[in-house]
1. Would you please name the residue that is surrounded by the most Cβ atoms within 10 Å (Cβ to Cβ), looking only at residues in segment 94-118 that are in contact with a Ser or Thr (Cβ under 6 Å, 6 or more places away or on another chain) and of a type in the set (A, V, I, L, M)?
2. Could you list, ordered by first residue, the pairs with Cβ atoms under 9 Å in which the first is in segment 1-15 and over 19 Å from residue 121 (Cα atoms) and the second is of a type in the set (Gly, Ala, Ser), at least 6 apart or interchain?
3. Out of the residues in segment 97-125 meeting the condition of being among the β-branched types (Val, Ile, Thr) and touching a Leu at 6+ places or on another chain (Cβ under 6 Å), tell me which one is farthest from residue 22 (Cα to Cα).
4. Which helices (runs of 4 or more DSSP H) sit wholly inside segment 1-118 and have at least 2 residues that are under 28 Å from residue 141 (Cβ atoms)?
5. Restricting the search to segment 1-59, which residues are within 20 Å of residue 118 (Cα to Cα), crowded, with 19+ Cβ neighbours inside 10 Å and hydroxyl-bearing (Ser, Thr, Tyr)?
6. As an exercise: evaluate residue 126 against (1) in a loop (DSSP other than H, G, I, E, B); (2) at pLDDT 95 or above; (3) polar (S, T, N, Q) and give the number of the one condition it does not meet.
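The values are calculated or read from the model by the stated rules, or taken from the named source; none is laboratory data. Not measured: the values here are computed from a predicted model. With ideal geometry, Cβ positions are generated from the backbone for all residues, glycine too; neighbour counts draw on all protein chains shown.
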Amino acid sequence: MNVDVLPTVNATLNSLSFVLLLSGYAMIRCGRVTAHKRFMMAAFGVSTMFLVSYLTYKFFGEEKRFGGQGGVRMIYFFILITHIALAITVPVLGSITLYLGLRGRLDRHRRLARITLPIWLYVSITGVIVYVMLFRVYGPAGTV
């Protein structure tokens, strides 16, 4: 298998996760609990696929260094560092939030979801931004 396609797959999965999370949020705001549950479970599934794909690329792919220079480099690394720091929390927060919701512990679910959702959304969208900056706009160092 050619792992060079995985960064694009990962960005696509992050984008899909972002859309599913927003859709799930919209559904619960409209009182559509079953649709909310389905969207959030789909977002969790897509994020799990992302994690498998990301780890596969990390183990078997070639590390890329950001090719941008100047101020954009600082912006890139700020986004990357905050993305990584918060991404570490998403599997735990997402799992607990999902568990609480599925078990009907809705007060705790809501309380934790107010923390989990913005972090998960940020991680999803910044994953796409990092991909675009690294692979599409500036390219990896040494490839331009």
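1. It comes out as 113.
2. From segment 1-15, the pairs are 3/61; 4/61; 6/53; 6/61.
3. 97
4. Of the helices (runs of 4 or more DSSP H) lying wholly inside segment 1-118, those with at least 2 residues that are under 28 Å from residue 141 (Cβ atoms) span 6-29, 33-60, 71-87.
5. Hits for segment 1-59 are 17, 47.
6. Here residue 126 clears every test but (1).
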